[in-house]
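The values are calculated or read from the model by the stated rules, or taken from the named source; none is laboratory data. Being a predicted model, the structure only gives us computed values, none of them experimental. Quick reminder, even Gly has a Cβ in these numbers, built from the backbone with ideal geometry, and neighbours come from all protein chains shown.
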Amino acid sequence: MDKKILLDVQNLKVEYALKGKKKVSAVSDVSLNVYENEILALVGESGCGKSTLGKAMIRLVPPVSGQLYFKGVRIDDLDTKAFMPYRRQMQMIFQDPYACLDPRMSVRDIVAEPLDTYKICESKEATTQRVTELLEAVGLKEDHLYRYAHQFSGGQRQRVGIARAIALNPAFIVCDEPVSALDVSVQNQILNLMKEIKEQYGLTYLFISHDLSVVRFIADRVCVMFLGKLCEIGDTELIYNDPQHPYTKFLLDAIPKADPTQRRASRLLLPGELPSPVDPPAGCRFHTRCPYATAECKNTEPKMKQVKGRMVACHMFD
């Protein structure tokens, strides 16, 4: 059965203005599909544009060009009022569970805010009841209602963030490194909770992370990003067991191996420094660090093509 596309991203480009006339190209001509009820992971080095792409996909940052189609409807050119019905279907779980919670508001008011904005409940009592249900869904209790963010642990605060994200019964949630600020012992609890919530509410996630071990545990598909461009997209086990793009191979080889028998005496080391997004290299943006780069790589930008059951942007497969 064919997968149903929830979000269709076409040729998306996002730039940030710097001092003077310079601009940094955070996302450059990115096209991808997000399917209903999947967890699509977005991975890459810090500064490659992962968070910007995620925010642009739900219109938290404005794209310079490109199109966004949500359930077949183009949403990037809608005005604020026309976009409101779609806004409630797209939510976000942020990286820092403390910074994203207002310290002056109780948990009850934090989770109730989207409910009040969209006038979901008919009374204050009904809102409190709904908030209580949401807190219980993420493993918190009714007596947490009137506590404040500083009274919770990091894992509990992230549970509050998840409760707020699911309050409006969205279809799509961007998860921006949701466990990177948590202790390792707590990360697994939150990841399991997110999986349970996904199944219970029929959600679709874009899961942004630099932790490839976490991604393998939670994601159905993986999208590898380098300097604002996509390198490789495919099913998780396919990518991890048989990576095709040179950059993907370097990333996966850098994952620490717990089993000593799986460790190699020599590991692939990524040469050179990350190029500046203000002045990215011509051709393939990875060519300055790629040991297989040719003259074509330096002059011509590679296009995405089908390679062994996934999409890869590399001239080796031309």
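Worth pointing out:
- Taking (1) surrounded by fewer than 17 Cβ atoms within 10 Å (Cβ to Cβ); (2) at pLDDT 95 or above in turn, ARG108 satisfies each apart from (1).
- Residue among THR117, THR127 that alone is under 30 Å from LYS71 (Cα atoms) and either among the acidic types (Asp, Glu) or touching a helix residue (DSSP H, G or I) at 6+ places or on another chain (Cβ under 7 Å) (or both): THR127
- Total residues in segment 149-189, condition in a helix (DSSP H, G or I) and closer than 20 Å to PRO103 by Cβ: 15
- One residue stands out in segment 298-315 among those that are more than 28 Å from the chain's Cα centre (by Cα) and not in a loop (DSSP other than H, G, I, E, B): the one that is surrounded by the most Cβ atoms within 10 Å (Cβ to Cβ), namely LYS298.
- Among the residues of segment 222-238, those identified as surrounded by 20 or more Cβ atoms within 10 Å (Cβ to Cβ) and either of a type in the set (Gly, Ala, Ser) or in contact with a strand residue (DSSP E or B) (Cβ under 9 Å, 6 or more places away or on another chain) (or both) are VAL222, CYS223, VAL224, MET225, LEU227, GLY228, LYS229, LEU230, CYS231, GLU232, ILE233, GLY234.
- Lone unmet requirement of (1) surrounded by fewer than 17 Cβ atoms within 10 Å (Cβ to Cβ); (2) of a type outside the set (S, T, N, Q); (3) touching a strand residue (DSSP E or B) at 6+ places or on another chain (Cβ under 9 Å); (4) in contact (Cβ under 8 Å) with a residue 40 or more places away in the chain for LEU60: (4)
- Of all residues making up segment 181-230, the number that are of a type outside the set (Asp, Glu), touching a Ser or Thr at 6+ places or on another chain (Cβ under 9 Å) and within 20 Å of LEU7 (Cβ to Cβ): 12
- Top-ranked residue of segment 42-97 - restricted to ones that are touching a helix residue (DSSP H, G or I) at 6+ places or on another chain (Cβ under 6 Å) and more than 24 Å from CYS231 (Cα to Cα), ranked as modelled with the lowest pLDDT: PRO97
- Criterion: more than 18 Å from ASP8 (Cα to Cα) and of a type in the set (Asp, Glu) - qualifying residue of ASP235, ASP220, ASP183: ASP183
Each row is one residue, and each column tells you yes or no for (1) among the small types (Gly, Ala, Ser); (2) in a strand (DSSP E or B); (3) surrounded by 15 or more Cβ atoms within 10 Å (Cβ to Cβ).
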residue: LYS3; (1), (2), (3): no, no, no
residue: LEU6; (1), (2), (3): no, yes, yes
residue: LEU12; (1), (2), (3): no, yes, yes
residue: LYS21; (1), (2), (3): no, no, no
residue: SER25; (1), (2), (3): yes, yes, yes
residue: VAL30; (1), (2), (3): no, yes, yes
residue: ALA41; (1), (2), (3): yes, yes, yes
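- Segment 116-146 - residue that is part of a helix (DSSP H, G or I) and over 30 Å from the mean Cα position of the chain (by Cα) and, of those, surrounded by the most Cβ atoms within 10 Å (Cβ to Cβ): THR128
To keep it simple, each residue is scored yes or no on (1) at pLDDT below 90; (2) more than 26 Å from ASP29 (Cβ to Cβ).
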| position | (1), (2) |
| --- | --- |
| LEU230 | no, no |
| ASN241 | no, yes |
| GLN244 | no, no |
| ASP253 | yes, yes |
| PRO260 | yes, yes |
| SER266 | yes, yes |
| LEU274 | yes, no |
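- Residue list for segment 1-48, restricted to those being among the basic types (Lys, Arg), more than 21 Å from LYS303 (Cβ to Cβ) and either touching a residue at least 60 places away in the same chain (Cβ under 8 Å) or in contact with a strand residue (DSSP E or B) (Cβ under 9 Å, 6 or more places away or on another chain) (or both): LYS3, LYS4, LYS22, LYS23
- Yes/no for GLU15 being over 21 Å from ASN169 (Cβ atoms) and of a type in the set (Asp, Glu): yes
- Pairs are defined by a Cβ separation below 6 Å, a sequence spacing of at least 6 or placement on different chains, a first member in segment 230-242 that is touching a residue at least 40 places away in the same chain (Cβ under 8 Å) and at positive phi, and a second member that is assigned to a helix (DSSP H, G or I) and of a type outside the set (A, V, I, L, M); no pair meets this definition.
- Listed by first and then second residue, the pairs with beta-carbon distance under 8 Å, at least 6 apart or on different chains, first residue in segment 296-318 and without any contact (Cβ under 8 Å) to a residue 40 or more places away in the chain and under 17 Å from ASP29 (Cβ atoms), second in a strand (DSSP E or B) and of a type outside the set (D, E, K, R), are PRO302/ALA313; LYS303/ALA313; LYS305/MET311; LYS305/VAL312; LYS305/ALA313.
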